[in-house]
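Read the structure below first, then the notes.
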Amino acid sequence: MTRKKFLTATICPLGFAVFVAFSALASEAVKETTVKGFEQRGEASFSIQDYVSGQTITEEEGIALAFAHAGFARDEVKRERSEYDRDDGMNILEVEFEVDDDEYEYEIDLDDGRILSASYDMSDRKQRELPVQDTAISDSEAAALILEKVPEAATDDMWIEAERDDGILYYEIEFILNGVKYDFDVDADAGAITSWDQELMAKR
């Protein structure tokens, strides 16, 4: 197992959140749910830090927030599950759902409409069906895939670990940007991201 760091990491200061407006179908009865407190300012972002209303939201709006970040409408989502929890004085909504067998998990702060964490895992079926390239991609090529998701990131700030699982080479890539910790798994043989995770470093 090889762990590589490109350069010394530098944590960027918290940036200005881009407020995103959206509508999503968020209940079994098909109806439109709009999360209050959002304004449309450009295209939706991959970073969970750009999804915050600054206002108390309902559980239904919390579910809609998760769907909006994932980029799906209610009728595209399967096996939706949500659970309310109170943790360290915070009202947290845990949301899990599947789209085409891929799994998504979210933690939503209902007190101020923030996404605290989000994760994605490609289904085992899809991973088995990924086309294998003649040559595995390099760590720098894997980092380039991440930059397509988070273009404001810098490869100099990424930690990369290479390991093999069942004969398949994977890169695990981690970095911190604007107060968000990112983790990615990249299938080097297929040149594809198979999972990602985001988490706010400061949740209060």
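Tally Lys and Arg at +1 and Asp and Glu at -1 over the other residues with C-beta under 10 Å from the C-beta of TYR84: what net charge comes out? Its environment carries a net charge of -3. Relative protection proxy for 124-131, 104-111, from highest mean packing down: 104-111, 124-131 (other beta-carbon atoms within 10 angstrom). Here the 3J(HN,Hα) profile of region 121-131, calculated from phi with Karplus coefficients 6.51, -1.76 and 1.60 at θ = phi - 60°, is 10, 5, 5, 4, 4, 5, 5, 5, 8, 4, x Hz, Gly and Pro shown as x.
Each residue, GLU60 and ASP124, gets one label point 7 Å from its Cα in the Cβ direction; the gap between the two is 3.7 nm. Each of THR135, THR194, THR56 has some number of other Cβ atoms within 10 Å of its Cβ, and from fewest to most they run THR135, THR56, THR194.
In this simple spin-label approximation, GLU103 and ILE168 carry label points 7 Å from Cα along the Cα→Cβ vector, and these lie 1.5 nm apart. Computed extension gain for ARG81 through SER138, at 0.36 nm per residue and net of the alpha carbon distance, reaches 16.8 nm. Here ASP157, ASP88 are placed in order of increasing Cβ neighbour count within 10 Å, fewest first, which gives ASP88, ASP157.
Read the figures in this text as sums done on the coordinates, not as results from a lab. All values derive from a computational prediction rather than experimental measurement. When we count neighbours, we look across all protein chains shown, and the Cβ atoms used for this are built from the backbone with ideal geometry, even at glycine.
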